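A.B. asks: Below you'll find the structure I mean.
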Amino acid sequence: MGLFSKLKSLFVRQPTIDWEDLEALLIQADLGPAFTDQLLDSLRARGGALRLEDIAEATRQEIIKVLPERGAPLRRAESGPTVILVTGVNGTGKTTSTAKLAWMLQRQGHRVLLAAADTFRAAAIEQLEAWATRLGVAIVKTQYQADPAAVCFEAHDRAVREGFDFLICDTAGRLHTRHNLMEELGKIRRVLARKDPSAPHETLLVVDATTGSNALNQAREFQKALGSLTGVIVTKLDGSGKGGIVIPIQQELGIPVRFIGTGEKAEDFEPFGAAAFVERIL
Ligand code: GDP
């Protein structure tokens, strides 16, 4: 249920709005304390009795202020393949999003190569391969527990040799061993930088909107561990009416949301846009 429906049922139960209830509702919607304060201040400044429409309109306006209208376009390599690393905790939709991104770029006319570099989970390799076969996207893979940096190295060679425009690497995302994660992604980075000093051009973190504040914590932890996230992909924005977490990710961490996942199919994926996002969560 979206925020607007929840507000509506609050108004049905009580004719005048209780500020505390409203605050609780905004926090529950994962909008974060900073944004919630900002919104309540703006509503108080309006004065007069609060109406449902006023709250919805103020929410819309404040969200638009916080979020960029459009996600920045992907940074591109000046020459050779543009390299995108995708990371994220298991179950967030990392592999699915990697495949969806490849499919989106391919439909835009780009030649895309995938690298199955999450070698820690056998299932991740198989799953990415299944997507690649289904979507007709080229893939470089290796065995379970092979060196992920070696897979990326080999994939970059092939991308250069065969003139691919994009190389998208599905990399590990386990957080409980932050040190290993840093080492692993650090090594992938070093190996790629030897091929192209400007690579990787993007490092994208996948988070699941339905996990609310967990998604924010993951973004915070990854940013701390890697220090170089260039964007976030927020998945599972379909159905649940959840998605408010996009706001504190942007506002508190300053990491832009670049793409959103809206379902399980390959085409359920789009560049982030503030206006469409507001309608989705309201
Ligand atoms: P990974 O473990 O992070 O690689 O996650 P997967 O890519 O395997 O995805 C986990 C589950 O989430 C799968 O069942 C996907 O179909 C599902 N999933 C991924 N993205 C979305 C999305 O945007 N919406 C919905 N509803 N499901 C998604």
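The values are calculated or read from the model by the stated rules, or taken from the named source; none is laboratory data. The model shown is predicted, which means the values in this text are computed figures rather than measured ones. A quick note on method: Cβ atoms are made from the backbone with ideal geometry, for glycine too, and the neighbour counts reach across all protein chains shown. All accessible areas refer to the heavy atoms of the entire protein, side chains included, with ligands and DNA or RNA removed. Shrake-Rupley method; radii C 1.70, N 1.55, O 1.52, S 1.80 Å.
A.B. asks: Here's a check for you: in the stretch 101-121, which residue that is open to solvent by less than 20 Å² (accessible area, probe 1.4 Å) and farther than 21 Å from G163 by Cα is nearest to the ligand (Cβ to nearest atom)?
C.D. replies: Only one residue fits best here, namely D118.
A.B. asks: Determine which member of the set V278, V234 is under 27 Å from E183 (Cα atoms) and touching a helix residue (DSSP H, G or I) at 6+ places or on another chain (Cβ under 6 Å).
C.D. replies: V234
A.B. asks: Further question on the same structure: Can you find, within the stretch 39-54, the residue that is modelled with the highest pLDDT among those that are loosely packed, with under 14 Cβ neighbours inside 10 Å and among the small types (G, A, S)?
C.D. replies: A45
A.B. asks: Next up: Just a yes or no: is a residue in the stretch 62-73 more than 30 Å from M104 (Cα to Cα) and out of contact with any strand residue (DSSP E or B) (no Cβ under 7 Å at 6 or more places or on another chain)?
C.D. replies: Yes, the stretch 62-73 has at least one match.
A.B. asks: Please go through (1) assigned to a helix (DSSP H, G or I); (2) open to solvent by 50 Å² or more (accessible area, probe 1.4 Å); (3) not assigned by TED's automatic domain parsing to the domain that holds A172 for R76 and return the number of the only condition it doesn't satisfy.
C.D. replies: Here R76 meets the rest and fails (1).
A.B. asks: Could you please tell me which pairs satisfy a Cβ distance under 7 Å, a separation of 6+ or placement on different chains, a first residue in the stretch 200-220 that is part of a strand (DSSP E or B), and a second residue that is more than 11 Å from the ligand (Cβ to nearest atom) and aromatic (F, W, Y)?
C.D. replies: L205/F222
A.B. asks: From (1) farther than 16 Å from T119 by Cβ; (2) within 15 Å of the ligand (Cβ to nearest atom); (3) of a type in the set (D, E, K, R), pick out the condition that doesn't hold for D170.
C.D. replies: Among (1) farther than 16 Å from T119 by Cβ; (2) within 15 Å of the ligand (Cβ to nearest atom); (3) of a type in the set (D, E, K, R), D170 violates only (1).
A.B. asks: What number goes with the only condition from (1) out of contact with any Ser or Thr (no Cβ under 9 Å at 6 or more places or on another chain); (2) at pLDDT below 95; (3) farther than 23 Å from A199 by Cβ that Y144 does not pass?
C.D. replies: For Y144, the exception is condition (1).
A.B. asks: Taking interchain pairs and intrachain pairs at least six residues apart, which have beta carbon atoms under 9 angstrom, with the first residue in the stretch 14-41 and within 19 Å of I63 (Cα to Cα) and the second among the acidic types (D, E) and open to solvent by less than 40 Å² (accessible area, probe 1.4 Å)?
C.D. replies: If the second residue must be among the acidic types (D, E) and open to solvent by less than 40 Å² (accessible area, probe 1.4 Å), the pairs left are F35/E62; Q38/E62; L39/E62.
A.B. asks: Is there a residue being modelled with pLDDT under 95, over 18 Å from the mean Cα position of the chain (by Cα) and within 16 Å of the ligand (Cβ to nearest atom) anywhere in the stretch 128-138?
C.D. replies: no
A.B. asks: Go through the stretch 243-266 and count every residue that is open to solvent by 10 Å² or more (accessible area, probe 1.4 Å) and more than 11 Å from the ligand (Cβ to nearest atom).
C.D. replies: 7
A.B. asks: Ok, one more. Quick one: in the stretch 139-167, of everything that is within 16 Å of the ligand (Cβ to nearest atom) and not β-branched (V, I, T), which residue is surrounded by the fewest Cβ atoms within 10 Å (Cβ to Cβ)?
C.D. replies: Across the stretch 139-167, the extreme among qualifying residues is Y144.
A.B. asks: I've got another one for you. When A124 is evaluated against the numbered criteria (1) near the ligand (Cβ under 9 Å from one of its atoms); (2) in contact with a helix residue (DSSP H, G or I) (Cβ under 7 Å, 6 or more places away or on another chain); (3) modelled with pLDDT of 95 or more; (4) of a type outside the set (S, T, N, Q), which criterion, by number, is the only one it fails?
C.D. replies: Going through (1) near the ligand (Cβ under 9 Å from one of its atoms); (2) in contact with a helix residue (DSSP H, G or I) (Cβ under 7 Å, 6 or more places away or on another chain); (3) modelled with pLDDT of 95 or more; (4) of a type outside the set (S, T, N, Q) one by one, A124 breaks only (3).
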